[in-house]
Amino acid sequence: MSKELLALTDKAGVRTVVGLQRRLNPGYRYVRDLLEQGEIGEVRSVCLHVSVEYFRRERPASLYFTIPEKNFSSLLSIYGGHFLDALFTTMVGYPQSLSALTVNQFKEVTLIESGETFPHTSADQVVLAGTFANGAVLTVHIEAAKRNSFGMQLDVTGSKGDAKIWNTTSFGDAFNRIEIARGDRQSLIELTIPAEYERLAPREFGASVLESANLSTGCGLHSSAIGMWRGDVG
């Protein structure tokens with residue numbers, strides 16, 4: 001589909017972007033460089049948890065489009081697509097081995113306004129487990145319909161310290177916090193993203209809007225993830 005869209009736009013002579021917005025996030029690019037520079041030593045484990053307050057058993061009519069699987073608008077395709085792309089493409093590289101578990105807990109979904117009920121076949125829980133080329137362990141949990149304490153958290157355990165990237169929302173205006181600790185039994189210290197990672201002029205936009213702006217301007221494009229501890233899937 002992406003290749004077809006690009007061919008059509010090329011024929012029409014219009015500027016087009018096909019991609020996932022989070023991979024160009026300045027904070028994620030900063031985290032990539034911190035890991036490559038060995039700020040926490042050799043990476044031993046990567047743990048990502050994304051919890052979403054949406055995709056519940058009862059949904060407003062405006063979210064009907066998320067119900068039919070053919071619309072490709074599910075928890076995995078939207079949140080999984082964006083976060084896994086940022087994790088693997090930008091921050092830590094692709095795992096060498098990977099296994100997955102998907103569970104559909106909501107067999108039917110009801111529209112709040114009308115009471116209409118529709119069959120639902122998409123996963124509400126997604127779990128991944130794997131390893132990287134150096135033996136580092138990967139765990140990912142993406143879940144829908146979280147009522148409290150939702151958001152995202154990425155924990156990276158290194159041989160010399162730890163890094164944590166977190167947010168109280170998985171999509172919205174709030175910006176991620178990046179924290180790091182080196183040594184033993186140390187408190188995490190919040191880091192400020194250096195100015196050189198900000199490819200756009202300051203704007204009064206929220207985090208997710210700025211991610212889209214970074215993508216549409218083509219800023220921050222980089223080659224595939226590198227690093228001695230990383231490994232691409234064969």
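Just so you know, all these numbers are worked out from the coordinates, no wet-lab data involved. No experiment lies behind these values; they were computed from the predicted model shown. In this analysis, Cβ positions are derived from the backbone assuming ideal geometry, glycine residues included, and neighbour counts consider all displayed protein chains.
Observations
- Three-way shape call for the stretch 23-138 based on the alpha-carbon gyration tensor, with the a/c threshold at 1.5: prolate
- Of all the options Val209, Val137, Val31, the one that moves most in a Gaussian network model of the chain with Cα springs shorter than 10 angstrom is Val209.
- Cα-centred dipole magnitude for the stretch 1-119, charges only on beta-carbon of K, R (+1) and D, E (-1), debye, nearest 20: 200 debye
- GNM flexibility winner over the chain from Gly158, Gly172, Gly130 (Cα, springs under 10 Å): Gly172
- Three-way shape label, the stretch 139-190, alpha-carbon gyration tensor, a/c 1.5: prolate
- Shown for Leu200, Leu48: other C-beta atoms within 10 Å of each C-beta, ranked fewest to most, produce the order Leu200, Leu48.
- The stretch 115-171 shape via C-alpha gyration tensor axes, a/c threshold 1.5: oblate
- Charged side chains reduced to their Cβ positions (Lys and Arg at +1, Asp and Glu at -1) give the stretch 77-153 a dipole of some 240 debye around its Cα centre.
- Against the main long axis of the alpha-carbon atoms of the chain, helix 2-12 sits at an angle near 80°.
- For the chain, built as a Gaussian network whose Cα springs stay under 10 Å, the top-fluctuating residue of Gln153, Gln96, Gln186: Gln186
- Reachable lysines from Lys70, criterion Cα separation under 28 angstrom, eight or more residues apart if same chain: Lys3, Lys11, Lys107, Lys146
- Take every Cα pair under 8 Å whose residues are at least 6 apart in sequence, average their separation, divide by the length of the stretch 2-217, and the relative contact order is 26 percent.
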